Structures are given as C-alpha cells and as structure tokens.
Amino acid sequence: MTISSLRLPHPAPLCRLACFAFLLAAPVRLFSQNPVEDDLFGHVVALEGKSAAERGAYVEQTLKSYGTGYMTAPFHTVFIGRGDTLPVSGTNIVAHFGHGFRRIVVGAHYDIFPGSPGANDNASGVAVALELVHRLAALDWHCGIDVCFFDQEEVDQVGSAQYVKRFAGPAGFVTMIDVDVVGRGEELYVGPRDENGGPPVLKAFREAAATIGVPLVEGWEYPPSDFLSFINADLPAVGMAIVPKGDGERLSAFTRNQGIADPNDAPTILSIIHTPADRSMLIEPEALKRAFDILSTVLRTLDRQE
Ligand SMILES: [Zn+2]
C-alpha cells in the first residue's frame, strides 16, 4: 500500500472531504490511526531522493505537526582528514520529551551519501526516530530523552561530534542509541560490545530481542556511525541496525578488515547503501517495525531502571 492511497482516500463523499480539510487546518495532528509500519514507510518515501536540506525541512515540519518541542543547532566547523581540510556546515535537529535528571539520547542521521537516494541509509533511521516522538512522547517518562536528527554523519560524524561538544556531558547520562540502516532484513545487529559483555544497554537489547522474537547479533567491531562521537567523549553508546540474515557477522568482519569486504562473503547490504539503488522499493516495512518495536522496548526498560 502506498502512502498516497492511505492519506487521500477516494472516492470521498463530501462530508469526508470536509473532515479532511478540518484535520489539515488543525494545529496539531491527531494521533495516527495507521499501523506503525505504514507511517514508518511513509516517512521513508517522503525522504528518499531529497537533499539533506529538504530532509531537514521535512523533519522539522513533521515534528511541528506532532506538536513536539525541538531545537535546531546549526554548526560551522573545519574537518581535517585524509590530507585535506574541508569547511563543513550543517544543522542538528533535537526533539526532547520526558523529564528527569537521567538522560538518554537517540540519534539518527538525516544527511545522505552523495549520489544515493538514501532510503535505507538513513531515511529508515529517521523514520523510526520520528515515530518514537510521535507515539511515545506523551507517555510518562522518568528520563529526559533527546531524539537527535544529526547532519553530516557521512563526513566522519562531524554533526554528532558538534552535538556532543555543545550539549552532552557525563552527568546523568544513561546511553546513546544510534539508529542507522534499519530498513531491510530480519536480524538485529548491535554494537560495538566490549570485553566485559557491555556496554550495559546491551542487556536491554538482549531482553527486547528475546521478548519480540528477533535474532540478535552483537558486534565486537561495528561500522562507524554517530555513536563514535559519544564513545570518543567517554559516553556510553551503541549502534543498532536491522540487516539481512548473516550480515551482522559479515559487517563485523568488514569493519575488522578496515572496511575491505571479503569478495566471497561481502555484506549484502553494501550492494545497496551508498549507491543509487538505495530506494524505498527495497525497504521492508516489517523491518522498520522491528526496529521501532525493539527501540521502544529498550527505552521503556532503561526508563524504569534506577
Ligand atoms: Zn548511515
């Protein structure tokens, strides 16, 4: 089912059109009656093929329609890497809900790899983060939760590093969870893990995966993403992905091998992300739902802990 047939039913009797016009005029959208996978997939379709600026505008517009408070944090910095110096600008968008001294950060980058429509990487993560705000913000929380839409992840996580520098510190910090590439597959892939079986948030992921019935692969090595900006500042953080069966182990091997894939056993997801093939036609709404269910369960577990 496409999102246009969901949102614009036809033929519509006049009275239904009048109701529809009323909803459009309302300042805050009523809580969605759609199944979560339909709303998740709708976000991916809306975001794919758009520039980072257009994607940022979509995130802001959607947060406004949910009536959730958020801030924008523009940054200008210089990235030094690989023998080159590059001025980098961007805007992080941070929605906040809940309250309390303890703080959890959920992050999903909205920028794209040049030349890719960016459906799985990372409209999928943005969709999950938006629906967390949409469906969970009104619950009773004992933690403050920052849902961050990071810019410039594809330039060595410059955007999330700016957020950490300006807004994050160890006081009350529980964990950061990075949602990147969750649009295809049946396997939950989480990492990096350390030699002590942690970080502690992994325990909540193990419980959620067992309860929901999703196979979990924990990576000792995990492909770089925004969680690194937090780990580099000694703040606990993990990345989560939903990937096709076997790709968790393959991605760990790929990372261990300094980003060089085994030609006989390359992660299948690498033939899609960062390529022109990364389109919504290859996104599985059930995979998005898996990510949403896991993440919301993990957040509720963390929120209940002292
Ligand atoms: Zn990504």
- Query: Is there any pair with a first residue in the stretch 94-116 that is among the hydroxyl-bearing types (S, T, Y) and a second that is part of a loop (DSSP other than H, G, I, E, B) whose Cβ atoms are under 7 Å apart and which are 6 or more apart or on different chains, and what are they?
  - Reply: Y110/D151; S116/H274; S116/T275; S116/P276; S116/D278
- Query: Of R256, R304, R300, which residue is at pLDDT below 95, basic (K, R), within 21 Å of I145 (Cβ to Cβ) and surrounded by fewer than 22 Cβ atoms within 10 Å (Cβ to Cβ)?
  - Reply: R304
- What number of residues in the stretch 82-100 are surrounded by fewer than 16 Cβ atoms within 10 Å (Cβ to Cβ) and either closer than 26 Å to E154 by Cα or at pLDDT 95 or above (or both)? 7
- So which residues in the stretch 164-185 are closer than 18 Å to F149 by Cα and either away from the ligand (no atom under 16 Å from the Cβ) or in a loop (DSSP other than H, G, I, E, B) (or both), if there are any at all? V164, K165, R166, F167, A168, T175, D180, V181, V182, G183
- Checking M240 against (1) under 25 Å from V158 (Cβ atoms); (2) assigned to a loop (DSSP other than H, G, I, E, B), which test does it fail? (2)
- the stretch 190-218: number of residues that are modelled with pLDDT of 95 or more and of a type outside the set (V, I, T): 15
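The values are calculated or read from the model by the stated rules, or taken from the named source; none is laboratory data. For clarity, every value in this text was computed on a predicted model and none was experimentally measured. No Cβ is skipped: glycine too gets one built from the backbone with ideal geometry, and neighbour counts run over all protein chains shown.
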